[in-house]
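For reference, the structure is listed below as structure tokens.
Bear in mind that the values in this text are calculations on the coordinates, not laboratory data. Note that the structure is predicted; figures quoted are calculated from it, not measured. Neighbour counts run over all protein chains shown; Cβ positions are idealised from the backbone, glycine included.
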Ligand code: SF4
Ligand code: SF4
């Protein structure tokens, strides 16, 4: 950590800091909802639950909601009135986002902000700051290190907070983050605090499996869909789509019209490559007719097509699909089996 880019926030000042943020920003942060830990919009600084572990949902929901209106219309007496959804100008902060989720936003930025920018995402993103929270105790399902990230990675964050016990070391990771650190309740960091933050980062990383999954995998991925390996890997998959909905990088969507007699709206909703209707064409033909083709698509998109097309992997190792799959289909095991298979 570079001393000039790290400052200290004492925990007793955190609540007041969040209250200040709430005056000027929409703030999303981890909150408890029943038994769930969710990243959700907060109204009060006291709503925030900064506990070990990641939220059930990922940070993508704040920028790419599960359901989003594009426009609404009313047709009356031969006239059609269209109301386009207002472009978001409100500034927002995603507070306490884990490093895997912050890194996932970089992929969404490339997809939605690329050659053909998506105004609904891009507008929200322009007004968004990401305040990441380093993982001091990564869970056994996390494998961010194998995916090129790390429990204290600042990739995708504007500020990264590292828990030092009674205070946070706050690292600036972007120009906007650096500007933010110049004001507010921050104090200068001492040599000992910098060393402590470094040590915490090393310990967190050393508690994880450092093996890179990528190299052997790439050589063996191009197996045709009729390869028996795919059938064996995917026979237990239910096609429920949980893995894609919770994934911080999955971004497929559908556009639907919801119409009543004279009014209606066009909405964008999440879709999933694991659903049977996802690729069914109007003729009734489906180029991916079974779970085997659909599961292969998910793996190929993340570990072959995105690395080739965008130089980014479509997985940040958050482990949500590992813990939430109802049939315990562990993507790490899938990748290991593909990596260990004979090269073709
Ligand atoms: S969560 Fe599991 S069962 Fe559901 S689609 Fe994903 S891999 Fe298949
Ligand atoms: S594929 Fe699974 S482990 Fe990887 S980012 Fe998506 S949900 Fe997380």
Packing-based exposure ordering (other Cβ within 10 Å, fewest first) of 181, 228
228, 181
How high is the relative contact order of the range 153-205, given as a whole-number percent (alpha carbon pairs under 8 Å, six or more residues apart)?
31 percent
If you average the alpha carbon positions of the range 131-186 and of the range 63-78, how far apart do those two centres end up, in angstrom?
37 Å
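Using a 10 Å cut-off around each Cβ, can you sort 136, 27, 316 from fewest to most neighbouring Cβ atoms?
Going from least to most buried by this count: 136, 27, 316.
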As a check on your grasp of the helix formula, calculate [θ] at 222 nm for the chain: sum -39500 (n - 2.57) over DSSP H runs of n ≥ 4, divide by the residue count, round to the nearest 500.
-8500 deg cm²/dmol
Roughly what % of DSSP beta bridges within the range 105-194 run antiparallel, to the nearest 5?
60 percent
Cα coordinate range in the range 214-340, projected on the principal axes (Å, largest first):
58, 31, 31
Geometric extent, Cα atoms of the chain - Rg, Dmax (angstrom):
21.9, 74
Binned Cα-Cα distances of the range 57-177, short to long, each 10 Å bin given as a whole percent
12, 36, 27, 14, 6, 3, 0
Which order do peptides 166-178, 273-285 fall in by mean Cβ count within 10 Å, highest first?
166-178, 273-285
Relative contact order of the range 241-319, defined on C-alpha pairs under 8 angstrom at six or more residues apart (%)
23 percent
Yeah, the range 106-176 with a ≥ b ≥ c from its alpha-carbon gyration tensor (a/c under 1.5 is rounded, else prolate when a/b outruns b/c, oblate otherwise) is oblate
When a/c reaches 1.5 or more, the comparison of a/b and b/c decides; with that in mind, is the range 1-140 rounded, prolate or oblate per its Cα gyration tensor?
prolate
With the Cα gyration tensor of the range 272-344 giving a ≥ b ≥ c as the square roots of its eigenvalues, does the rule (a/c under 1.5 for rounded; else a/b larger than b/c for prolate; else oblate) give rounded, prolate or oblate?
prolate
Kirkwood Rh over Cα pairs of the range 143-199 into Stokes-Einstein at 20 °C, 1.002 mPa s: D in µm²/s?
173 µm²/s
quick note, the chain, DSSP beta bridge pairs, % antiparallel (nearest 5) is 80 percent
Just need the relative contact order of the chain here, percent rounded to a whole number, with Cα pairs under 8 Å and 6+ apart.
20 percent
